[in-house]
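**Student:** Let me begin by handing over the structure; questions about it come next.
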Amino acid sequence: IMQSFQAESLGDDYGSRLTATLVPPTSGQYTFFLSSDDYGQLWLGTDDSPQSKRLIAHVDGYTAFDEWIGTEGQQSEPISLEAGKAYFIQALHKQGGGQNHLRVAWQGPGLERAVIAGEHLRLPTITPELQAKIDALQQADAKRQELLQQAESYWRAVSYTHLRAHETVPELVCRPLL
């Protein structure tokens, strides 16, 4: 899914959400670090369920790129994780203007501090509730597309101009396309 747990720049005035399942390679204590410009939050679950998530780190403003300990709150307390167990992880980011980035690093048994590599990330579990929301959005989008096509096939607006001795008369004609 991702090469690493970070977001690419999308310009100014946007928000992003990175959601995955984290699978640690070794059991032990892990510390997480958040680097973001602008605001960011890092959430971690006690299992792979989004309902188990809790805020473990945040940036209220911005940090420099790869600045991991510059502001209060951007580093988690040590958290005990089990090897091979799946954990819900989510990073939220709100970009205003100027420079921007979102990067999540960790440090743990046998791991120096580094951005979480894709080999430790999996697609999140799709719950029945989430699948129902996805299905509803897809159905709504399909209906919107159908209505747009119907509108385009039934009505067409044609504007043309009659020229008579230096006079322009605009007309709007709407008629069904049969």
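Each reported figure results from applying straightforward, stated rules to the coordinates on display, with no laboratory input. Keep in mind that this is a model prediction, so the values were computed, not measured. Heads up, the Cβs are rebuilt from the backbone with ideal geometry, glycines too, and the neighbour counts pull from every protein chain shown.
**Student:** Once amide H atoms are built 1.01 Å from N in the peptide plane, which residues 5 or more positions from Arg113, or in another chain, come under 5 Å H to H?
**Tutor:** Distant-sequence amide H within range of Arg113: zero hits.
**Student:** Now, a different point. Could you work out how much longer the chain between Phe65 and Leu123 gets when fully extended? Use 0.36 nm per residue separation minus the Cα distance between them, nm to one decimal.
**Tutor:** Numbers: separation 58, 0.36 × 58 = 20.88 nm, distance 2.61 nm.
Stretched out fully, the Phe65 to Leu123 stretch lengthens by 18.3 nm.
**Student:** Suppose each label sits 7 Å from its Cα in the direction of the beta carbon; what would the Glu112-Ala136 distance come out to in nanometres?
**Tutor:** Roughly 4.8 nm, to one decimal.
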